[in-house]
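In what follows, a structure is listed as structure tokens, so that the remarks can point back to it.
The values are calculated or read from the model by the stated rules, or taken from the named source; none is laboratory data. All of these numbers come straight from a predicted model, not from anything done at the bench. Cβ placement follows ideal geometry from the backbone for every residue including glycine, while neighbour counts extend to all protein chains displayed.
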Amino acid sequence: MKKLLVIGDSISIGYTPHLRRHLDGQFDVTRCEGNGWDSKNVLGRLEDYLAGAGDVAMILVNCGLHDIRRDRGGDGCQVPLADYRWNVRAILDRLIAAAPTVVWVRTTPVDDGRHEATHDKFDRLSADVDAYNAVADALAKAAGVPVIDLHQAVIDADTDTCIRNDGVHMTDDGYGLLGDYIAKAVRDMSA
């Protein structure tokens, strides 16, 4: 059976069990250990992720929600956009060398108001999600890497029912939707 590796943050932790269920019998779905956090962390841990995965046919990768984290009173995102661009380019280059198929997964939406109401030390802003997604989209396109648009999938399904009160993580239904959406995209790419 072909092996699929998921590299990502807590959103991928939530959708991976659903993805496994949807792709049972088609792919052996594994996930990087722990939370991938931001692009700097993913890049720094890539060799460990790849060594632990063995021979993979497809890699799904995402980072962004931790990159856009802004400390209240701070002067910008945790990982500045220029650094994010460099990190994602390096991540894609390394993964392309490691697997026949690499897929970029777009960062999911943030509900600014809900996030602000439940976090008193830092913010995440939907405008930053859009900017960072645009950079990753351009890099994926330039590298010939297909993109799975979880951002639009959540918007189309209704952010109010998909996103938890923390403004970032998905509800159980939201994670189920993401797992189903990704599984369909993976099956389409594998056909």
Quiz item: Going by the conditions given, is residue 9 within 27 Å of residue 158 (Cβ to Cβ) and either in contact with a Lys or Arg (Cβ under 9 Å, 6 or more places away or on another chain) or buried (at least 20 other Cβ atoms within 10 Å of the Cβ) (or both)?
Solution: yes
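Just checking, does segment 39-54 include any residue being under 23 Å from residue 152 (Cα atoms) and either at pLDDT 95 or above or out of contact with any Pro (no Cβ under 8 Å at 6 or more places or on another chain) (or both)? Working first, answer last.
Pass one, segment 39-54, residues under 23 Å from residue 152 (Cα atoms): 39.
Those still in the list that are either at pLDDT 95 or above or out of contact with any Pro (no Cβ under 8 Å at 6 or more places or on another chain) (or both) too: 39.
So far as segment 39-54 goes, yes, one or more of its residues are under 23 Å from residue 152 (Cα atoms) and either at pLDDT 95 or above or out of contact with any Pro (no Cβ under 8 Å at 6 or more places or on another chain) (or both).
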Quiz item: Counting only residues that are without any contact (Cβ under 8 Å) to a residue 24 or more places away in the chain and at negative phi, how many does segment 21-46 have?
Solution: 4
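Look through segment 1-19, keep the residues that are of a type outside the set (Val, Ile, Thr) and in a helix (DSSP H, G or I), and return whichever of them is farthest from residue 185 (Cα to Cα).
Step one: list which residues in segment 1-19 are of a type outside the set (Val, Ile, Thr), which gives 1-5, 8-10, 12, 14-15, 17-19.
Still in the list and also in a helix (DSSP H, G or I): 10, 12, 14-15, 17-19.
On the way: 10: 20, 12: 15, 14: 18, 15: 14, 17: 16, 18: 14, 19: 11 Å.
For segment 1-19, the residue satisfying everything is 10.
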Quiz item: Would you say residue 142 is closer than 21 Å to residue 99 by Cβ and either without any contact (Cβ under 8 Å) to a residue 24 or more places away in the chain or surrounded by 14 or more Cβ atoms within 10 Å (Cβ to Cβ) (or both)?
Solution: yes
Self-check item: Which listed residue is of a type in the set (Lys, Arg), at pLDDT 95 or above, out of contact with any strand residue (DSSP E or B) (no Cβ under 6 Å at 6 or more places or on another chain) and loosely packed, with under 14 Cβ neighbours inside 10 Å, from 187, 94, 89, 85
Solution: 187
Quiz item: If you go through segment 20-68 one residue at a time, how many are under 14 Å from the mean Cα position of the chain (by Cα), over 26 Å from residue 167 (Cβ atoms) and part of a strand (DSSP E or B)?
Solution: 1
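Yes/no per residue for (1) among the polar types (S, T, N, Q); (2) without any contact (Cβ under 8 Å) to a residue 60 or more places away in the chain:
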residue	(1), (2)
86	no, yes
92	no, yes
99	no, no
105	no, no
108	yes, no
111	no, yes
117	no, yes
122	no, yes
125	no, yes
